[in-house]
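Each remark here refers to the structure printed beneath this line.
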Amino acid sequence: METCDAVVVGGGPAGSTCAWRLRQASLDVVVLDRAAFPRDKVCAGWLTPQVVEELELDVAAYRRGRVFQAITGFRTGRLGGREVETRFRAPVSYGIRRCELDHYLLDRSGARVKVGSLDTLDRRGGGWVVNGALRAPIVVGAGGHFCPVARRLGARPSGADVVAAQEIEFVMDPLQERDCKVDAETPELYFSRDLRGYGWCFRKERVLNVGFGRLDERRFSAQVRAFAEFLAARGKLPPGTPSRWKGHAYSVYTDVGRPLLDDGVLLVGDAAGLAYPESGEGIRPAVESGLIAARTILDADGRYGRDALEPYARAVEGRFGRRRPCGRTVVPALAVAALGAAVLATPWLARRLVVETWFLHRRLPALRWRHGTMDGLPRAGPVAASAG
């Protein structure tokens, strides 16, 4: 039986970030993912400066041969309504390709990587046996919305807080680059009239990403088609744009049915349903939950009973707030669509509320890993650490 100190199921930003910090503390970590990296991963994908800091990303090294598109503005509005352009003097985010970022972070983590699915997960002797061949005292579920570890803990695959999304991402040829009318530094966000979803159009250097996400699945396909037609009529989609959009799903943080932990188990990123409810963005919550999970594991010092891991739940709640049902709207702070329309059409509100707060979270400082601890994470006390 092969052994290790921790198994991380899923090699995306949440899993690779957790593995990276655990490896820095000299733990033997195995990352299990069913895909060989680099993998095809369609995502609008941007990193705020806070995430760059949290990842300790060497920007100069990363951008060599990879997409790293500076974002200095946003165009926002309701479909068919007034559009507002918000500009900044310096980059407020950076567009990336997930196929590149995920591969980079997993390779940098230093973890042992095994390609394959999680077929069996058995509790034995206070630890876990993965696929009948790998034993570890703790497992981190980082396999996204349909993570098998999350399913074992009772996570629901559907519900009012699950976003359905479809999108495309492709590298434009020179003619498509010429004909594309999207400013590379200014992603475009268009909310549906009922404010239960929004579409985006994002040009990252030579790459174009277009998508639409919605909490309410009713009329979803029709709204995706309508959004594509809206963009085409405005010349945003160059000739030859792929017509087959890829679908995926994820839970937003208001999903009270998603657990965070159990004996010997932590869930991170989309497996824990941590995407921001206002924007659906999941990269920053994924990275931060990976950091918090790693800190929790190290503080537990080999004792991984539920009580010893409870600081993870407290830290997640302290960072992202208490979970509350979102009321089936992608903009839960707005109870009335008319009020939302007014916000989106008002430049000052569009800047402060929509762009800076909902999408960039500019007032939320980066998590800092320093002096053997991390800001905002309560440490397990002696009593909790001895449980389990």
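What follows draws every value from the coordinates through simple rules; no lab data is involved. In this text, all values refer to a predicted model and were calculated from it rather than measured experimentally. We place every Cβ from the backbone using ideal geometry, glycine too, and count neighbours over all the protein chains shown.
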*asked:* If you fit an axis through the alpha-carbon atoms of helix 98-109 and take the longest principal axis of the Cα set of the chain, what angle between them do you get, 0 to 90°, nearest 10?
replied: 20 degrees
*asked:* Let me make sure I get this right: for the range 201-253, a, b and c are the square roots of the gyration tensor eigenvalues over alpha carbons, sorted descending. Under 1.5 in a/c it's rounded, otherwise prolate if a/b > b/c, else oblate. Which is it?
replied: oblate
*Determine the gain in length on full extension of the stretch Arg34-Lys246; use 0.36 nm per residue of separation and subtract their C-alpha separation, reporting nm with one decimal.*
74.5 nm
*Quick one: grab the alpha carbon gyration tensor of the range 133-212, order the square roots of its eigenvalues as a ≥ b ≥ c, and give me rounded if a/c is under 1.5, else prolate or oblate depending on whether a/b is larger than b/c.*
oblate
*Among the DSSP beta bridges whose two residues both lie in the chain, what percent are antiparallel, rounded to the nearest 5?*
70 percent
*Identify, among Pro49, Val9, Leu32, the residue whose Cα sits farthest towards the positive end of the charge dipole of the range 1-88, taking +1 on the Cβ of Lys and Arg and -1 on the Cβ of Asp and Glu, with the dipole about the Cα centre.*
Pro49
_Crossing angle, helix 306-320 versus the chain [Cα axis fit, 0-90 degrees, rounded to tens]_ = 20 degrees
*In Å³ and rounded to a whole number, note down the convex hull volume per residue for the Cα atoms of the range 90-223.*
187 Å³
_Taking the 0 to 90 degree range and rounding to the nearest ten, how far is the long axis of helix 220-233 tilted relative to the main principal axis of the chain, both from C-alpha atoms?_
50 degrees
*In what sequence, highest mean first, do 217-228, 343-354 appear when ranked by Cβ atoms within 10 angstrom?*
343-354, 217-228
_Rh by Kirkwood over Cα pairs, then Stokes-Einstein D for the range 37-85 at 0.890 mPa s and 25 °C, µm²/s_ = 179 µm²/s
*In Å and from the alpha-carbon atoms only, list the Rg and Dmax of the chain.*
20.8, 65
_Under 23 Å from Lys41, Cα to Cα: lysines that are on another chain or at least 8 residues apart_ = Lys114, Lys204, Lys236, Lys246
*What does the helix-only formula give at 222 nm for the chain: each DSSP H stretch with n ≥ 4 adding -39500 (n - 2.57), the total divided by the residues, and the result rounded to the nearest 500 deg cm²/dmol?*
-8000 deg cm²/dmol
_Based only on other Cβ atoms within 10 Å, what is the fewest-to-most ordering of Lys236, Lys246?_
Lys246, Lys236
